[in-house]
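Before any comments, here is the structure.
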Amino acid sequence: MSAVPLPAADPVLEVEDLRVELRTPRGTAHVVNGLSYAVGQGETVAVVGESGSGKSVSVLAMLGLLPPRVATVTGRAVLQGEDLLTMSPERLRQVRGPGAGLVFQDPMTSLNPVLSIGKQLVEGIRAHDDVPKAVARRRAAELLGEVGLPEPDRALDRFPHELSGGMRQRVVIAIALANSPALLIADEATTALDVTVQAQIIDLVERLQADHGTGVIWITHDLGVVAGIADRVLVMYGGRCVEDGTADDVLERPAHPYTRGLLGSLPDLAAPLDPDGRVPDLATVPGLPPPPTDLPPGCVFWPRCPVRSDPRCETEQPPLVTVGPGTPGRHGHVGRVLEHRAATWYQEGTAR
Amino acid sequence: MVLIGVSLLVFSLIHLVKGDPVRLALGTRFSQETYEALQHRNGLDQPLVRQYFTWAGRALTGDLGVSFRSGDTVTSLIGERLPATLTLAFAAVLLALLIAVPLGTISALRPRSFVDRFASVISQIGISVPDFWLAIVLILVFAGTLGWLPTGGYVPLTEDPLGWIERLVLPAIAAGVVSGSVLTRFVRSSVLEAMGSDHVRTAQAKGLHGHQVFGWHVFRNALLPLVTVTGVQLAYLLSGVVVVEIVFSWPGLGQLALQAVRSRDYPVLQGAILLFALVFLVINLVVDLLYSRIDPRIRR
């Protein structure tokens, strides 16, 4: 195709060997264990995995939003050339907002119920940009218009309880975007919303991303959403990345038994009925994720793995290795071949 | 409605108590005629139901009757005593808040720290210590041994500001310690709860300064339930400072009510208790109104 490979721009975020330990009454919980990935400009990286796989904790840890009394975070998380994990608290405060904006899962609780929408936007703007209140208010109204809130000027004086869930989530997104972040992190941002609203929010984020070139980390367990928006997918299990690659590679040619299990448990509406006329049972991944206080020494997925056979499975952690030819990159990775990697001892070709 | 209920209850309870007010007022030597005349004058020879309606009817027009003992109107007696009780109750609540808000907040911000443990022990003691005992100890130490403050009494602020303060300090401490302890624990749990809420994380994520996160997203939210609890404490203090008033010979409503009980001075006692009930209602009303001002969810 293109004859001259363009030089790849520096990634917005580069995470290297991120580890998070939490002190709990039941011992130290290893919730993130050596996570590495990068997010390019204008790229959407979906992080998928079930509850407790360390998806949310990893981003909260990067931005210093875990209680320091409980959490120990190591590794590197370089956002626009600066390591978030070693910067001063004041610098970190400055980065939250203009560097990285966060959208949380539940719009019913992530806004302060007793402050007006306008106040919550304006304080975010003025924490980073010393503008008069009136200017910040005007910018806040523009933001609300941009995220599709009707009557943005009047909405400024409204309170969260006066808005529907979808509208609140738009407000939360407006807050996250208030300082034009280089990176937008959506932590289960559409999980609490119904499907039509979910689609609107996803469109909104994609449009904003196209307009501003924002890098997006989309944390979810909804594989349908992933297929729709992600450039790349990172599958997390037991606090580790077990498989990553472009959305096509991971969703079409999954290499890790866990990814295959996840994809296999999607309900297939077109599936034929059983011989006796019933809808076939939903496939599941049997068992539960290992407790982060007591991870197995070998492959984290070993206790639940349907295809374990290699003697190393039980004792040796499989490294993340290339499993396929990869796919040429787009957004922020143009001219580079994006690898498809998985961490498993299981080898059987990557065809599903 | 509540007031009617309270008045009925009070009326019945008072008349259940043994003792004849006329006999008590007359002493040991009196003729049958004077006894009957006095009974008639005060309407005590009427059936009880009738007595209640006569009293209730007058009460509606603001006439609470006349004291058996002194002959003064009940309204004037209460009017004389009310400022002293209000002063003491408000001073006690103010003191309680002054201690509870900073102590509870620091405890919440630094859980299991020295301050937190200290506050928890102190408030446990504060809740358990009987107020009359504390009142006596305070008098013994500060008025007796150290001689810094007077043992009791009351002067109006307008007459002698310094004397007013001096006489107010010990009773306010004695009355406020329990409320202070209750409020300290409440502030701590309330602030802790607010800190754990999701919107605080949102506030941090948008890069607010620490003091903004605390002031607007933790403290302001924690304040809402505090208003209710403070109202309850104030109402409790207004009607519950009887013991402290007596120990410090503080001329308030509690003392008036106690004297009325001793002399079976029905009109005064009924009036005083009716007023306590009224105060309780008014404070609850004020709290509700205040709430609708500070919590947008309740507006309209």
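Nothing in this text is a laboratory measurement; each read-out follows from the coordinates by a stated rule. The shown structure was predicted, so the numbers you read here are calculated from the model rather than taken from an experiment. Here Cβ is always computed from backbone atoms with ideal geometry, including for glycine, and neighbour counts include all displayed protein chains.
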| query | Using bins 10 angstrom wide from zero, how does P(r) for the range B:166-300 break down, in % of all Cα pairs? | reply | 11, 28, 28, 18, 10, 4, 1
| said: Whole angstrom only: what separates the Cα centroid of the range A:137-177 from the Cα centroid of the range A:282-315? | reply: 44 Å
| said: Under the rule of at least 5 residues apart or a separate chain, name every residue whose amide H is placed under 5 Å from the amide H of A:Thr24. | reply: A:Ala29
| Whole-Hz couplings from phi, Karplus 6.51/-1.76/1.60, listed for the range A:79-89; x for Gly and Pro | 9, 6, x, 10, 7, 5, 7, 10, 6, 5, x
| said: Give the average, rounded to an integer, of partner chain Cβ atoms located within 10 angstrom of each Cβ in B:217-225. | reply: 2
| request: Could you tell me which trypsin sites (Lys or Arg not before Pro) in the range A:1-92 are loop residues by DSSP with no more than 16 other beta carbons within 10 angstrom of their beta carbon? | output: A:Arg26, A:Arg69
| message | Run the simple label-point estimate for A:Glu252 and A:Asp203 please: 7 Å along Cα→C-beta, distance reported in nm. | response | 2.7 nm
| said: Can you give me the Rg/Rh ratio for the range A:109-178, using Cα atoms for both radii and the Kirkwood formula for Rh? | reply: 0.92
| said: Just to check, using Stokes-Einstein with a Kirkwood Rh over alpha carbon pairs, what's the diffusion coefficient of the range B:74-294 at 37 °C and 0.692 mPa s in µm²/s? | reply: 173 µm²/s
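If I take every Cα pair under 8 Å that is 6 or more residues apart in chain B, average their sequence separation and divide by the length, what percent do I get for the relative contact order?
26 percent
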| message | With just the Cα atoms defining each centre, how far is the range B:227-268 from the range B:84-132? Give it in Å. | response | 22 Å
| task | With only alpha-carbon atoms counted, please give the Rg and Dmax of the protein assembly as shown, in Å. | result | 35.5, 128
| said: Helix check for chain B. Which DSSP H runs span at least 30 Å along their own axis by Cα, with a mean Kyte-Doolittle hydropathy no less than 0.0? | reply: B:74-109, B:161-195, B:266-294
| With at most 14 other Cβ atoms within 10 Å, longest stretch of chain B clear of loop chymotrypsin sites (Phe, Trp or Tyr not before Pro) (DSSP) | B:149-300
| Gaussian network model of chain A, Cα within-10 Å springs - most flexible of A:Glu162, A:Glu90, A:Glu151 | A:Glu90
| GNM result for chain A, Cα springs below 10 Å: residue of A:Val216, A:Val279, A:Val300 fluctuating most strongly | A:Val279
| message | Restricting to DSSP H runs of at least four residues, report the calculated mean residue ellipticity at 222 nm for chain B, -39500 (n - 2.57) per run over all residues, nearest 500 deg cm²/dmol. | response | -23500 deg cm²/dmol
| remark: Of A:Leu115, A:Leu262, A:Leu204, the most mobile residue in a GNM of chain A (C-alpha springs, cutoff 10 Å) is A:Leu115
| said: Using helices alone, I'd like the mean residue ellipticity at 222 nm for chain A: each DSSP H run of four-plus residues gives -39500 (n - 2.57), total over residue count, nearest 500. | reply: -8000 deg cm²/dmol
| query | Given H placed 1.01 Å from N in the peptide plane, which residues other than close sequence neighbours of A:Ala38 have an amide H under 5 Å from its amide H? | reply | A:Val15
| message | Tell me whether the range A:220-292 comes out rounded, prolate or oblate; compute the Cα gyration tensor, take square roots of the eigenvalues as a ≥ b ≥ c, and use a/c under 1.5 as the rounded threshold. | response | oblate
| Percent relative contact order of chain A, based on C-alpha pairs within less than 8 angstrom and at least six residues apart? | 21 percent
| task | Please label the shape of the range B:205-262 as rounded, prolate or oblate, based on the square roots a ≥ b ≥ c of the eigenvalues of the alpha-carbon gyration tensor (a/c under 1.5 means rounded; beyond that, a/b larger than b/c means prolate, else oblate). | result | prolate
| query | Is the shape of the range A:1-157 rounded, prolate or oblate, going by the alpha carbon gyration tensor and its root eigenvalues a ≥ b ≥ c, with a/c under 1.5 for rounded and a/b larger than b/c for prolate? | reply | oblate
